[in-house]
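**Student:** Below is a structure I'd like to ask you about.
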């Protein structure tokens, strides 16, 4: 039993316990208010004075929240980067394009670069098997190992989104296989170079490696009503044979969350931008891909719209596709087929590539003989070439011997860079 003295003590404690609890609550409330109003230093500063606050915080743990969408700075360009840049090519074709693609590949080949080849699902299986066999049996390709054939063919329809999907597929392959290239170039079997690879390498060696050559405009004109607003379905997304797109209703309004751009389906993209398109840090590339699924001729708008809606990349855009192409006005679905009458215009353009060519035409022979110094189906000669016959062996792969084509290309690129630096981008 409790004694009388202990009972009195118990009641005394009970009397002051309640006021103490109320005082503690009020004090905590005032302390929190001071923190919120900035009257007291934040908790992380108090930690330096009162170590007790650090008892549950790791010394290496940041108190700043990390958001998934936060942008990060790319690591500085290493001084150990080779002075000679590298190109990564996609060369694509369709039914009947095997020999055209092979000729274009040999005209473009350089052991310093990387090449992905694709014959689409419309091409005959024996064509795709023959392409893989030629690459496997070629002594140069077997030795260097920089030419890859896409084994599982994709369906590619130019008016639908499948060409964009195929291009992104090639980009992903190149990013996975190689960590050392600087620019991605997409070409078709109907394209052909107007300069040697040594010309191209020497000119691009003198420019920043974040430039993107993307022909574009924000003035859609007739494309606004005929391409942006109508909704279409491309059967190439779910069938294994090509068929034309079909239209669905209703039309859609122009987007307000981003601005549309249009231009050429052919481009030279920097590695940082290609990585952004594949990884899509802020999800814009995937959103654009879904939007352009129902857009007519999406290869002429997808990359333009992505790059021109990202502030970090806008200053890197050069409004040119590095091609000479002869179009109708307004342009039709396909450009004119080039011939020898277009030779002077091709040279005066200063462009690195031209399209569209038929197979084994006289104009290609002229380009081989007069611009590329290429004979009898051989590789285009360059500083890397050794052996007898010429270019049968590889010497120093970074040794380049630019020719007249480099001067034409350099004049064009210097002019384009000057225009880009004046802010004439994404308008």
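**Student:** Return yes or no: is residue 321 in a loop (DSSP other than H, G, I, E, B) and either touching a strand residue (DSSP E or B) at 6+ places or on another chain (Cβ under 8 Å) or buried (at least 24 other Cβ atoms within 10 Å of the Cβ) (or both)? Don't jump to the end; show me each part of the working.
**Tutor:** Numbers: in a loop (DSSP other than H, G, I, E, B): yes; either touching a strand residue (DSSP E or B) at 6+ places or on another chain (Cβ under 8 Å) or buried (at least 24 other Cβ atoms within 10 Å of the Cβ) (or both): yes.
Yes.
**Student:** Look through the range 266-295, keep the residues that are surrounded by 21 or more Cβ atoms within 10 Å (Cβ to Cβ) and over 23 Å from residue 209 (Cβ atoms), and return whichever of them is modelled with the lowest pLDDT.
**Tutor:** Step by step, filter the range 266-295, then rank; the result is 295.
**Student:** Which residues, counting only those in the range 377-389, are closer than 21 Å to residue 194 by Cα and at pLDDT 90 or above?
**Tutor:** Selection gives 378, 379, 380, 381, 382, 383, 384, 385.
**Student:** In addition: Could you check, for the range 396-408, whether at least one of its residues is modelled with pLDDT of 95 or more, surrounded by 14 or more Cβ atoms within 10 Å (Cβ to Cβ) and within 30 Å of residue 262 (Cβ to Cβ)?
**Tutor:** yes
**Student:** Looking at this structure, is residue 398 on the phi < 0 side of the Ramachandran plot and out of contact with any helix residue (DSSP H, G or I) (no Cβ under 8 Å at 6 or more places or on another chain)?
**Tutor:** Considered against the rule, which asks whether it is on the phi < 0 side of the Ramachandran plot and out of contact with any helix residue (DSSP H, G or I) (no Cβ under 8 Å at 6 or more places or on another chain), residue 398 comes out as yes.
**Student:** May I ask you to list the residues in the range 257-283 that are without any contact (Cβ under 8 Å) to a residue 60 or more places away in the chain and part of a helix (DSSP H, G or I)?
**Tutor:** Scanning the range 257-283 gives 276, 279.
**Student:** Let me ask you something else. Could you grab me the full set of residues in the range 214-238 that are outside any helix (DSSP H, G or I), more than 17 Å from residue 164 (Cα to Cα) and out of contact with any helix residue (DSSP H, G or I) (no Cβ under 7 Å at 6 or more places or on another chain)?
**Tutor:** 217, 218, 219, 221, 222, 229, 230
**Student:** Same structure again: What is the residue count in the range 177-205 for residues that are at pLDDT below 95 and either within 14 Å of residue 109 (Cα to Cα) or not in a loop (DSSP other than H, G, I, E, B) (or both)?
**Tutor:** Step one: of the range 177-205, the residues at pLDDT below 95 are 177-180.
Okay, now just the ones that are also either within 14 Å of residue 109 (Cα to Cα) or not in a loop (DSSP other than H, G, I, E, B) (or both), so 177.
Of the residues in the range 177-205, 1 are at pLDDT below 95 and either within 14 Å of residue 109 (Cα to Cα) or not in a loop (DSSP other than H, G, I, E, B) (or both).
**Student:** Let me ask another. Among the residues that make up the range 241-255, is at least one of them surrounded by 13 or more Cβ atoms within 10 Å (Cβ to Cβ) and not in a loop (DSSP other than H, G, I, E, B)?
**Tutor:** No, every residue in the range 241-255 fails to be surrounded by 13 or more Cβ atoms within 10 Å (Cβ to Cβ) and not in a loop (DSSP other than H, G, I, E, B).
**Student:** Please tell me if residue 337 is surrounded by fewer than 22 Cβ atoms within 10 Å (Cβ to Cβ), over 19 Å from residue 191 (Cα atoms) and free of Cβ contacts under 8 Å to residues at least 60 places away in the same chain.
**Tutor:** Numbers: surrounded by fewer than 22 Cβ atoms within 10 Å (Cβ to Cβ): yes; over 19 Å from residue 191 (Cα atoms): no; free of Cβ contacts under 8 Å to residues at least 60 places away in the same chain: yes.
Judged against the criteria, residue 337 is not a match.
The values are calculated or read from the model by the stated rules, or taken from the named source; none is laboratory data. Treat the numbers as computed from the prediction; the structure is a model and nothing was measured. Please note: Cβ atoms are built from the backbone with ideal geometry, for glycine as well, and neighbour counts cover all protein chains shown.
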